[in-house]
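Undergrad: Right, I'll just put the structure down here and ask away after.
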Amino acid sequence: KMAAVKDLVILALDKDHKTTVTVHLHGATVLAWKTQGKELLFVSERAVYDNKKAIRGGVPLVFPNFGPWELGPQHGFARISRWKLEKAPEKDASGTMTAVFTLTDNKETRKMWDYKFKLTYTLHLTEKTFKTTLKVDNTGDKDFTFTTLLHTYFRVDDVTKATVSGLKGLEYVDKVRGDAKFAEDRDLVTVAGEVDRMYAGTPTSHFITGTIGGSKILLEKSNLPDTVVWNPWVDKAKAMGDFGDDEYPSMLCVEAGHVATPLLLGAGQSFTGSQTLTLLDE
């Protein structure tokens, strides 16, 4: 099962395609971030590309709701809506490859969530960095509240050896233990079973080690004050139709978002949040 070529937009930094980002117009889902020939994002081999279901992997965009939603699909509609390529990939003066995608309210979105909005998703690719910026404009005449998150799936060599920094001392909501709250006591968070945690008020950067090929990634974020760490482990992996039973050891989600408290956006107001991923030399 492959994505149709007509649904894909590719940002290629170089002629030999060693450093690229691939985006699917369904959800403006980033499917791949390859730098110097190394693919850093995980996409399930069983991901579905029917332009209906959310794509399992890469960087799904969560808006206007993180998690189960009484008004519509889990994690909202942005990741299952068809986005528009607003500005085709091109290099700017500094040599950064840039592309812009947009989603505006339409009949489908208003049926679930009756607000006017425009989402602008800007991607910047350099030799070692990949930056994604999401701007939310309230284009209507009434306030709305929302939560949003970049649901990044990282490829790892072995999830039990991966680590995430910057979470010590923070309170988290543990979805695996009935949304109970705990304080993180580890300098480096590791995975040894099912993990689904929402850490509130996280620092602006995390180091993620054990990513593919022994690499290390720096995740920097702006205006996205919370971080979710997720791995489905054995039973959840088996329960997901679009995820291989044996794929959980090779992925780890570290997700930058504004999810612990909803954002209120007044008429005519805008919000911008961004994430920059940098591949660090070993």
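Undergrad: So which of Lys175/Lys221; Lys91/Lys175; Lys6/Lys142; Lys52/Lys161; Lys53/Lys221; Lys52/Lys216 end up more than 30 Å apart, counting from Cα to Cα? Could the numbers behind the result be given before it?
TA: Values: Lys175/Lys221 23 Å; Lys91/Lys175 42 Å; Lys6/Lys142 37 Å; Lys52/Lys161 35 Å; Lys53/Lys221 28 Å; Lys52/Lys216 34 Å.
Violating the 30 Å Cα-Cα cut-off are Lys91/Lys175; Lys6/Lys142; Lys52/Lys161; Lys52/Lys216.
Undergrad: Follow-up question, since we're still on this one. For a quick check: with amide H placed at 1.01 Å from N, whose amide H comes under 5 Å from Met251's, ignoring anything fewer than 5 positions away on the same chain?
TA: Here Val156, Val159 satisfy the definition.
Undergrad: Using helices alone, I'd like the mean residue ellipticity at 222 nm for the chain: each DSSP H run of four-plus residues gives -39500 (n - 2.57), total over residue count, nearest 500.
TA: Helix-only estimate at 222 nm: -1000 deg cm²/dmol.
Undergrad: If you don't mind, there's one more thing I want to ask. Give the separation of the Cα centroids, the stretch 104-159 to the stretch 45-77, in Å.
TA: The distance from the Cα centre of the stretch 104-159 to that of the stretch 45-77 comes to 12 Å.
Undergrad: So, one more: Please give, to one decimal in nm, the separation of the simple spin-label points placed at Ile10 and Lys111, each 7 Å out from Cα toward the Cβ.
TA: 3.5
Undergrad: Using protein chains only and a probe of 1.4 angstrom, how many square angstrom of Met97 are accessible, to the nearest 10?
TA: Spelled out: Met97, probe radius 1.4 Å, area about 20 Å².
Undergrad: Under a plain spin-label model, where a point goes 7 Å from the Cα along Cα-to-Cβ, how far apart in nm are Leu280 and Glu86?
TA: My value for the distance between the label points is 3.3 nm.
Undergrad: Here's something else I'd like to know. Under unit Cβ charges (Lys, Arg +1; Asp, Glu -1), what dipole magnitude, rounded to 20 debye, does the chain have relative to its Cα centre?
TA: 720
Undergrad: Also, quick follow-up: Can you give me the % of accessible surface on the chain that is carbon or sulfur? Probe 1.4 Å, all protein chains present, nothing else counted. Before the final figure, lay out the partial values.
TA: Details: 6270 of 12320 Å².
Of the solvent-accessible surface of the chain, carbon and sulfur hold 51 percent.
Undergrad: How compact and how long is the stretch 149-266, expressed as Rg and Dmax of its alpha-carbon atoms in Å?
TA: 14.0, 45
Undergrad: Divide, for the chain, the radius of gyration over alpha carbons by 2.2 N^0.38 Å, where N is the residue count.
TA: Here the answer is 0.95, to two decimals.
Undergrad: Residue by residue through the stretch 111-125, which ³J(HN,Hα) values in whole Hz follow from phi under the Karplus form 6.51 cos²θ - 1.76 cosθ + 1.60 (θ = phi - 60°), with glycine and proline marked x?
TA: 4, 8, 9, 7, 9, 9, 8, 9, 9, 10, 10, 10, 10, 10, 10
Undergrad: Pick from Lys15, Lys91, Lys116 the residue whose mean-square fluctuation is largest in a GNM of the chain, springs joining Cα atoms under 10 Å.
TA: Lys15
Undergrad: Continuing with the same structure: If you plug each phi of the stretch 212-220 into the Karplus form 6.51 cos²θ - 1.76 cosθ + 1.60 with θ = phi - 60°, what whole-Hz ³J(HN,Hα) values come out, in order, with x for Gly and Pro?
TA: Along the stretch 212-220, the couplings run 3, x, x, 7, 9, 10, 9, 9, 10 Hz.
Undergrad: Which Cα, out of Val191, Leu150, Pro203, lies furthest along the positive dipole direction of the stretch 132-277 (beta carbon charges, K/R +1, D/E -1)?
TA: Ranked along the dipole, the leading option is Pro203.
Undergrad: If you place +1 on the Cβ of every Lys and Arg and -1 on the Cβ of every Asp and Glu, how big does the dipole about the Cα centre of the stretch 170-270 come out, in debye to the nearest 20? It would help to have the intermediate numbers written out before the result.
TA: On the way: 9 positive and 16 negative charges, 42 e Å.
In debye, rounded to 20, the stretch 170-270 gives about 200.
The values are calculated or read from the model by the stated rules, or taken from the named source; none is laboratory data. Model, not experiment: these values are computed from the prediction. Quick reminder, even Gly has a Cβ in these numbers, built from the backbone with ideal geometry, and neighbours come from all protein chains shown. Ligands, DNA and RNA are stripped out before the accessible areas are found, and what is left, the full protein with its side chains, is counted by its heavy atoms. Shrake-Rupley method; radii C 1.70, N 1.55, O 1.52, S 1.80 Å.
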